[in-house]
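Input: a single structure, listed below in structure tokens.
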Amino acid sequence: MKKIGILLSGRGSNFRAIKKAVDNDDIKNAEIAVVISNKEDAAGLAFAKEQGLDTVFINHQDFADRESYDREIVKELNSRNVDLVCLAGFMRIISPWFVEQFENRIINIHPSLLPSFPGLDAQRQAFDYGVRFTGCTVHFVDAKMDNGPVILQRVVEVKGDDTAESLAERILEQEHKAYPEAVALFCDDRLRVDGRKVKII
Ligand code: GAR
């Protein structure tokens, strides 16, 4: 049984998609051990509470620097023996120290086809650039932002009448498929990281 720790800052729709997949047994051999947020009013945290999950709010403003904040998060994760950390709209850069503690055990989702359009507001960046195709990427987290080995990607075509908002909505639909699929592969021990490449076995 793999224990999953979710880190989020906002709406939490990707977390909901993962939770649903765990409940439906699309993700097998897994349970959500804890949901941690740096925002007390995050809708995702409220949903986790409603669902009776273990939740923790840790205010980053209470800590002097990034690593001391991350040490508190890692303490919470380790006290629940978390195997896999899922960043689900966690809008903070995590420290190299945190990455080391969970090497190849932290997964993130990003709303573009990386390495294109890292950083904030990736859907709008892609829309403004004028690309014909964009999408989402699920990847292992390394010490650089939006950079680690790619697990899965899903492509979304940009339509002539799209706005940045309509495009973001269609990307989000694909995120909700890609993220649970990647988590299921991890929980089934089907992912092997070899340098930059992830093999699905
Ligand atoms: C998602 O679109 C996710 O890809 C993005 O934040 C949103 C969170 O939504 N993450 C990033 O941009 C990370 N660089 P959610 O709270 O509804 O899951």
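The values are calculated or read from the model by the stated rules, or taken from the named source; none is laboratory data. A quick note: this is a predicted structure, and the numbers were derived from the prediction, not measured. All Cβ positions, glycine included, derive from the backbone under ideal geometry; neighbour counts span all protein chains shown. Side chains are part of the model used for accessible areas, which takes the heavy atoms of the whole protein and leaves out ligands, DNA and RNA. Shrake-Rupley method; radii C 1.70, N 1.55, O 1.52, S 1.80 Å.
Observations on the model:
- Taking first residues from segment 41-56 that are more than 12 Å from the ligand (Cβ to nearest atom) and among the charged types (D, E, K, R) and partners that are open to solvent by less than 70 Å² (accessible area, probe 1.4 Å) and part of a helix (DSSP H, G or I), the Cβ contacts under 9 Å between residues at least 6 apart in sequence or on separate chains come to D54/A48.
- Pair list, Cβ under 7 Å, 6 or more apart: segment 91-111 residue open to solvent by 20 Å² or more (accessible area, probe 1.4 Å) and away from the ligand (no atom under 16 Å from the Cβ), other residue part of a helix (DSSP H, G or I) and among the aliphatic types (A, V, I, L, M): Q101/V74
Matching residues to (1) part of a helix (DSSP H, G or I); (2) out of contact with any strand residue (DSSP E or B) (no Cβ under 8 Å at 6 or more places or on another chain); (3) within 16 Å of I107 (Cβ to Cβ); (4) not basic (K, R):
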{"site": "N14", "(1), (2), (3), (4)": "yes, no, yes, yes"}
{"site": "G52", "(1), (2), (3), (4)": "no, yes, no, yes"}
{"site": "V56", "(1), (2), (3), (4)": "no, no, no, yes"}
{"site": "Y69", "(1), (2), (3), (4)": "yes, yes, no, yes"}
{"site": "I73", "(1), (2), (3), (4)": "yes, no, yes, yes"}
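- Restricting segment 16-40 to residues that are assigned to a loop (DSSP other than H, G, I, E, B) and more than 12 Å from the ligand (Cβ to nearest atom), the residue that is nearest to H60 (Cα to Cα) is N38.
- Subset of segment 122-172 (residues that are charged (D, E, K, R) and exposed (fewer than 14 other Cβ atoms within 10 Å of the Cβ)): D128, R132, K144, E157, K159, D161, E165, E169
- Selection status of L87, aliphatic (A, V, I, L, M), closer than 19 Å to V183 by Cβ and either within 11 Å of the ligand (Cβ to nearest atom) or open to solvent by 20 Å² or more (accessible area, probe 1.4 Å) (or both): yes
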